[in-house]
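Participant: Got a structure for you, written out below as structure tokens; questions coming shortly.
Any read-out appearing in this document is the output of simple, stated calculations on the displayed coordinates, not a laboratory observation. Everything numeric here is computed off the predicted structure, so don't read it as measured data. All Cβ positions, even for glycine, are placed from backbone atoms using ideal geometry, and neighbour counts span all protein chains on display.
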Amino acid sequence: MNSLANKVALVTGVTRRQGIGAAVALGLAKAGADVYTAFYRPYDRQRPWGIEDTEPEQILEALRQTGVHADGAEVDLAHPDGPHTLFTRARERFGPIDILVNNAAYSTPTRVELMTAEELDRHYAVNLRAVLLLCREFIDNHTPGGAGRIINLTSGQGLTPMPDELAYAATKGGVDALTLSVSAAVAGRRITVNAVDPGPTDTGWILDEQRPALLAAAPTGRLGTPEDAARLVVFLASDAAEWITGQIIRARGGY
């Protein structure tokens, strides 16, 4: 196992037990890191999959059962002050942050014919602006000489068209671009910056009528799981990945 003992991780988008954020947080905790989570229930309440109100707290309890310290906060990252508020709370609770995982995302159906400025701005605020502002918080507060890890979750928008989720695709494409450029900006400071594209992942969003087609297209015969993504994130957070930076890693099971 890649040990993360004595490390502190901040993970966003840790609202649902079935989500990638929960699996990532648990993977980091099992590797020994203390974990601060960010969650936001109002978004998931409005989505088809829904949420139990106590899920963020259940996730935190599962993290604590691994033996690490864990805490979290409900923060709307779409608010301009959200990233600063979140990072400040995490630092006040656990001290310097060694690992930042930008997993929170906003996605609603957005075809070009129905695009509005409001919906585009909401996608931008969460999927791109908050990611970059959290990166800035991390870099500004990084301990000189220490190893830092920034890991962004992205999508396959550069591989196949997403005409029904145009705003999501556009903003996630921005995540790919900023990952490369931010990595170059901080390479001399022992901070690595990478992005993970986990491909179609079974987190509760897949409708029954969508599943057969997705499985038929899966080279491995199955869909991705949150744990698949989590294992890669834990590796990228470890010392073993210190030579990897500026990469968009397509861990898609052959999709």
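Participant: Taking the beta-carbon count within 10 Å as an exposure proxy, list Lys7, Lys172 from fewest neighbours to most.
Facilitator: Lys7, Lys172
Participant: Moving on. Percent antiparallel among DSSP beta bridges with both residues in the chain, to the nearest 5?
Facilitator: 0
Participant: Next question, about the same structure. Using only Cα atoms, locate the centre of the range 86-104 and the centre of the range 39-70, then give the distance between them in Å, rounded to an integer.
Facilitator: Spelled out, the Cα-based centre of one part sits 17 Å from the other.
Participant: Taking the chain as the reference, fit the longest principal axis to its C-alpha atoms, fit the long axis of helix 20-30 to the helix C-alpha atoms, and give the angle between the two in degrees, 0 to 90, nearest 10.
Facilitator: Compared with the principal axis, the helix lies near 30 degrees.
Participant: Enumerate by residue number the GluC sites (Glu not before Pro) in the range 170-255 meeting two conditions: DSSP loop (anything except H, G, I, E, B), and at most 15 other Cβ atoms within 10 Å of the site's Cβ.
Facilitator: Answer in residue order: Glu209, Glu242.
Participant: At most 12 other Cβ atoms within 10 Å and a DSSP loop assignment: could you name the trypsin sites (Lys or Arg not before Pro) in the range 52-117 that fit?
Facilitator: Arg111
Participant: Normalised by the residues of the chain, what does the relative contact order come to in percent, with Cα pairs under 8 Å and at least six apart?
Facilitator: The normalised contact order for the chain reaches 21 percent.
Participant: Then there's this: From the alpha carbon gyration tensor of the range 93-231, can you work out the equivalent ellipsoid semi-axes (sqrt of 5 times each eigenvalue) and give them in Å, largest to smallest?
Facilitator: Over the Cα atoms of the range 93-231, the semi-axes work out to 30, 19, 13 Å.
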